[in-house]
1. Take the alpha carbon atoms of the stretch B:1-64, find their center, do the same for the stretch A:1-46, and report the distance between the two centers in whole angstrom.
2. ³J(HN,Hα) across the stretch A:55-63 via Karplus (A = 6.51, B = -1.76, C = 1.60, θ = phi - 60°), whole Hz, x for Gly/Pro?
3. Where Lys and Arg each count +1 and Asp and Glu each count -1, what net charge lies around A:P39 among other residues with Cβ under 15 Å from its Cβ?
4. In debye, nearest 20: dipole of the stretch B:8-75 around its Cα centre with unit charges on the Cβ of K, R (+) and D, E (-)?
5. Could you state how much accessible area is buried at the B-A interface, both sides summed, with a 1.4 Å probe, in Å² to the nearest 100?
6. What average number of partner chain Cβ atoms lie no more than 10 Å from the Cβ of the residues making up A:100-109?
7. What is the mean number of Cβ atoms from other protein chains located within 10 Å of the Cβ atom of each residue in peptide A:35-45, rounded to a whole number?
8. Report, please, the projected area of chain A averaged over directions, based on the convex hull of its C-alpha atoms, in nm².
Amino acid sequence: DGGITQSPKYLFRKEGQNVTLSCEQNLNHDAMYWYRQDPGQGLRLIYYSQIVNDFQKGDIAEGYSVSREKKESFPLTVTSAQKNPTAFYLCASKDLSTDTQYFGPGTRLTVL
Amino acid sequence: GQSLEQPSEVTAVEGAIVQINCTYQTSGFYGLSWYQQHDGGAPTFLSYNALDGLEETGRFSSFLSRSDSYGYLLLQELQMKDSASYFCAVRDRAAGNKLTFGGGTRVLVKP
């Protein structure tokens with residue numbers, strides 16, 4: 001089946017540790033995105049990539065880093081510089097022909 | 001930059017009709033999308049309007065007026081499973097392929 005996978009679904013980390021969230025897609029989409037969602041809020045864009053080996057900062061990139069070495073993969077690292085990392089993180093890829101974003105199931109990160 | 005406004009919450013009974021309005025401000029409007037998100041889940045695509053008018057997909061319809069910078073999502077024959085948050089999102093030419101999302105409207109359907 002085609003789709004987007006994120007792992008793990010729930011993740012716990014101690015304060016001060018870096019953590020990397022996985023995002024993989026087999027939809028052959030060029031564009032991929034990372035969003036952060038806090039309780040009762042909308043989605044805020046962290047980073048996005050329109051093609052392999054290229055990515056741009058979104059609206060809240062501070063404290064995060066990404067890489068796009070393969071078309072299928074767009075991992076997000078939450079660094080210790082992110083002051084309030086506890087949130088729900090959503091990865092998405094986009095079908096440019098229909099302008100539709102497809103979201104992964106999300107990773108709920110809790111920093112203790 | 002871009003900004004979108006939509007109501008925070010709407011409550012209705014099964015079988016009713018709900019309209020969720022969305023007003024937006026952008027520098028280079030390209031299109032308005034709607035997404036549904038159930039609690040704890042990921043957003044799923046509902047509809048996309050690039051041109052003025054009404055797009056109908058089953059019980060859900062979406063409308064756009066570019067001159068008024070306004071759109072709405074219409075949910076008809078409400079069912080309990082329609083209880084979710086609904087987000088409007090705007091694609092802006094000046095912002096490349098990025099989508100900017102509204103804060104979401106939580107729809108609660110009561111029996």
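The values are calculated or read from the model by the stated rules, or taken from the named source; none is laboratory data. Not measured: the values here are computed from a predicted model. Cβ: placed from backbone, ideal geometry, glycine included. Neighbour counts: every protein chain shown. Please note that ligands, DNA and RNA were not included when accessible areas were found on the heavy atoms of the full protein model with its side chains. Shrake-Rupley method; radii C 1.70, N 1.55, O 1.52, S 1.80 Å.
1. After rounding, the separation between the Cα centres reads 23 Å.
2. 7, 10, 6, x, 7, 9, 7, 4, x
3. +1
4. The dipole magnitude comes to about 120 debye.
5. Interface area, both chains combined: 1600 Å², rounded to the nearest 100.
6. For peptide A:100-109, the averaged partner shielding equals 4.
7. Partner Cβ neighbours, averaged per residue: 5.
8. Across all orientations, chain A yields a mean hull projection of 6.8 nm².
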